[in-house]
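Asks: Dumping the structure here so I can ask a few things about it.
The values are calculated or read from the model by the stated rules, or taken from the named source; none is laboratory data. Just so you know, these numbers come straight off a predicted model, no measurement behind them. Don't worry about glycine lacking a Cβ; one is built from the backbone with ideal geometry, like all the others, and counts go over all protein chains shown. We work out accessible area using only protein heavy atoms, side chains counted, and drop any ligands, DNA or RNA first. Shrake-Rupley method; radii C 1.70, N 1.55, O 1.52, S 1.80 Å.
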Amino acid sequence: AREKSGRSGGISWANVSNWNSFPATNYVHADHHALQFAPGSSNTVFACNDGGIFTTTDQCGTWSDLSGGIDIKQYYRMSSSFLTPTLMYAGAQDNGTDKITGLNTATRVYGADGEDCLIDFTDDNIVFISTQGGNFMKSTDGGVTFNGIGAGGCDWTSPIIMDANNNNVMYSGGADVFKSTDNGNTWNDVSGALDGSCLYSLEISP
């Protein structure tokens, strides 16, 4: 659903949607799997992709997302609040990171592929999220804004953990193990080179 050829028989094409324009009227999620005209219509098209189901009724001029209420999102990892039982953050395959504040109340706070995330057990406003390839970010305003923290991840889903006894002490996994002693603001390599692969999980011994 990215382009159409109009009346040129496929010789020339024009872009009619953009996966990066959310929430504009030409937004259609990337990673398409099916594209189909409605039976008997030359105007109505349905697009099925990793974001759900989208449709256009004006020959791809504008698009509508029909995915509301379809419970098909796939989460890689999630983190729940120590202070607020109904608060969670969850990283979704191809659908960013969601802030979940109760039943059927989720807001996307960041795009790309949502990966590992973490809520500081002393303060719900301090949140760590990541995208594919271990790109870690930190928010101090409850997920409204995020800044990169360079924690050294490398796997598609890279781990980030916090010491249960000291919220300033954190670890992340990349090709090496990285440690922070200032709540994720700065990081140091504490393991040196391991076996060359990326770490998928970490745990802190009691």
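Asks: Considering only residues of segment 56-85 that are in contact (Cβ under 8 Å) with a residue 60 or more places away in the chain and part of a strand (DSSP E or B), which is farthest from His29 (Cα to Cα)?
Replies: Arg77
Asks: Looking at segment 92-137, what strands (runs of 3 or more DSSP E) fall wholly within it and have at least 3 residues that are open to solvent by less than 30 Å² (accessible area, probe 1.4 Å) and closer than 23 Å to His32 by Cβ?
Replies: Answer list for segment 92-137: 96-102.
Asks: Right, here's the next one. Give Ala34, Ala14, Ala38, Ala47 a once-over and let me know the one that is without any contact (Cβ under 8 Å) to a residue 60 or more places away in the chain, of a type outside the set (D, E, K, R) and buried (at least 17 other Cβ atoms within 10 Å of the Cβ).
Replies: After ruling out the rest, the residue left standing is Ala47.
Asks: Give me the residue from segment 1-20 that is of a type in the set (Lys, Arg) and within 15 Å of Gln36 (Cα to Cα) and, out of that set, modelled with the highest pLDDT.
Replies: Lys4
Asks: Does His33 qualify as being of a type outside the set (A, V, I, L, M, F, W, C) and modelled with pLDDT under 90?
Replies: It is false that His33 is of a type outside the set (A, V, I, L, M, F, W, C) and modelled with pLDDT under 90.
Asks: Answer yes if at least one residue in segment 64-85 is among the β-branched types (Val, Ile, Thr), modelled with pLDDT of 95 or more and out of contact with any helix residue (DSSP H, G or I) (no Cβ under 8 Å at 6 or more places or on another chain), and no otherwise.
Replies: yes
Asks: Further, regarding this structure: How many residues does segment 182-206 hold that are at positive phi and in contact with a Lys or Arg (Cβ under 6 Å, 6 or more places away or on another chain)?
Replies: Final tally of qualifying residues: 1.
Asks: Taking segment 177-194 as the region of interest, how many residues are touching a residue at least 12 places away in the same chain (Cβ under 8 Å), under 16 Å from Gly134 (Cα atoms) and surrounded by 14 or more Cβ atoms within 10 Å (Cβ to Cβ)?
Replies: 5
Asks: Just to be sure I understand, how many residues within segment 141-167 are in contact with a strand residue (DSSP E or B) (Cβ under 8 Å, 6 or more places away or on another chain) and in a loop (DSSP other than H, G, I, E, B)?
Replies: 14
Asks: Turning to a different aspect of this structure: Are any residues in segment 99-140 in contact with a Cys (Cβ under 6 Å, 6 or more places away or on another chain) and on the phi > 0 side of the Ramachandran plot, and if so, which ones?
Replies: Gly134
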